[in-house]
Amino acid sequence: MTGGAFLQRFPAGTTLLMEGDRVDFLYVLLDGAVELQGSWKEKETTLALLRPVSTFILAAVVLDADALMSARTLERSEILMLSGEALRRTMRQDADFSFAVAQELSGCYRGLVRAVKNQKLRGGVERLANYLITQRVRQGMCDPIVLPHEKRVLASLLGMSPENLSRAFASLSSYGVSVQGAEVGIGRPEALERLARPHPLIDNHMPPPTENIGKAERERWSSQTGRTCGSVLG
């Protein structure tokens, strides 16, 4: 399957594919960051922000269908591109490989369910509070944390306008949240957690792994840990 694969390095701001494009390759993000976007008429929205190791457009490759999302690099990125035809052929021939693909697709699907629940069941301030909690865990419980993306991109990811994001940050000041550029201080983590009420059936607070793992392994960790979850901020 990897015989026709090639490794590409892209600068920040590179459009990798547009929604509606025919998908000839599976993309595997090995380094950098990628934004997945959707658009309708004059509107655009951020659907996901990916960090290594992440596959994307896997469902379209398996189905040999057009892409439902656009993808662009947010920073200099290293991406492995695998032939879609080779992937489908290998799936037909190798049951173990097919099972691994099914696991990765399952991890992607569960991540989508989490995102939809977060958008539909929480207000903007709650979404921002839970995002900050997740970032604090991923950054090793540091204080302050550093926003990994521009605030414009963060607002789109959380389903908010930049103005509403600014107001949400202001609302969180009474919970110990302070903002200085890309740095966000969390002075009262217990108060922020009481507001956010993170839950393992919506949020995945996996700490930074010691090795690169895919979405399936992240989901396994969240499910196993969620059965005995407690405070995530300590």
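The values are calculated or read from the model by the stated rules, or taken from the named source; none is laboratory data. Quick caveat, the model's predicted, so the values are computed rather than measured. Here Cβ is always computed from backbone atoms with ideal geometry, including for glycine, and neighbour counts include all displayed protein chains. Calculation scope for accessible area: heavy atoms of the full protein, side chains included, ligands and nucleic acids excluded. Shrake-Rupley method; radii C 1.70, N 1.55, O 1.52, S 1.80 Å.
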Contact order relative to length of segment 123-209, as percent, for alpha carbon pairs under 8 angstrom and 6 or more apart = 40
remark   = From DSSP H assignment alone, runs of 4+ in the chain each adding -39500 (n - 2.57), the sum over residues rounded to the nearest 500 puts [θ] at 222 nm at -12500 deg cm²/dmol
request  = Select from segment 21-126 those GluC sites (Glu not before Pro) which occupy a DSSP coil region and have at most 11 other Cβ atoms within 10 Å, ordered by residue number.
outcome  = Glu42
note = Answer in debye to the nearest 20: the dipole magnitude of the chain about its Cα centre, from +1 Lys/Arg and -1 Asp/Glu charges placed on Cβ, is 700
task = List the residues whose amide H sits under 5 Å from the amide H of Ala48, counting only those 5 or more places along or on another chain, with H placed 1.01 Å from N in the peptide plane.
result = Leu36
remark   = Treating only Lys and Arg (+1) and Asp and Glu (-1) as charged, each at its beta carbon, one finds that segment 123-209 has a dipole about its Cα centre, in Debye to the nearest 20, of 80
request  = Using the structure shown, select from Lys151/Lys215; Lys41/Lys151; Lys43/Lys151 the pairs with a Cα to Cα distance greater than 21 angstrom.
outcome  = Lys151/Lys215; Lys41/Lys151
query = Membrane-span-like helices in the chain: DSSP H runs reaching 24 Å or more (Cα, own axis), mean Kyte hydropathy at least -1.0?
reply = 95-121
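Would you work out the Kirkwood radius for segment 123-209? I mean one over the mean of 1/r across all pairs of different Cα atoms, in Å.
Working: mean 1/r = 0.0775 Å⁻¹.
Hydrodynamic radius (Kirkwood, Cα only) of segment 123-209 equals 12.9 Å.
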remark   = The answer for Leu17, listing residues at least 5 apart or on another chain whose modeled amide H is closer than 5 Å to its amide H, is Ala71
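Skip the ligands, DNA and RNA, and give the accessible area per residue of segment 5-119 with a 1.4 Å probe, whole Å².
Accessible area per residue: 54 Å².
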task = Between Ser171 and Gln93, take the C-beta separation as r, use R0 = 45 Å, and let me know the FRET efficiency to the nearest 0.05.
result = 0.25
note = Treating every alpha carbon of segment 5-119 as one equal point scatterer without solvent, the Debye formula yields log10 I(q)/I(0) values at q = 0.11, 0.16 Å⁻¹ of -0.36, -0.77
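Find, among the trypsin sites (Lys or Arg not before Pro) in segment 125-171, those assigned to loop by DSSP (not H, G, I, E, B) with at most 13 other beta-carbon atoms within 10 angstrom.
Qualifying residues, ordered by number: none.
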message = Taking a ≥ b ≥ c as the square roots of the Cα gyration tensor eigenvalues, with a/c under 1.5 meaning rounded and otherwise prolate when a/b beats b/c, else oblate, which class fits segment 9-76?
response = oblate
ask   = Label Arg76 and Ala182 with points 7 Å out from Cα along Cα→Cβ: what is the distance between them in nm?
value = 1.4
ask   = Leu201 to Gln8: extension gain in nm, 0.36 nm per residue of separation minus the Cα-Cα distance?
value = 65.9 nm
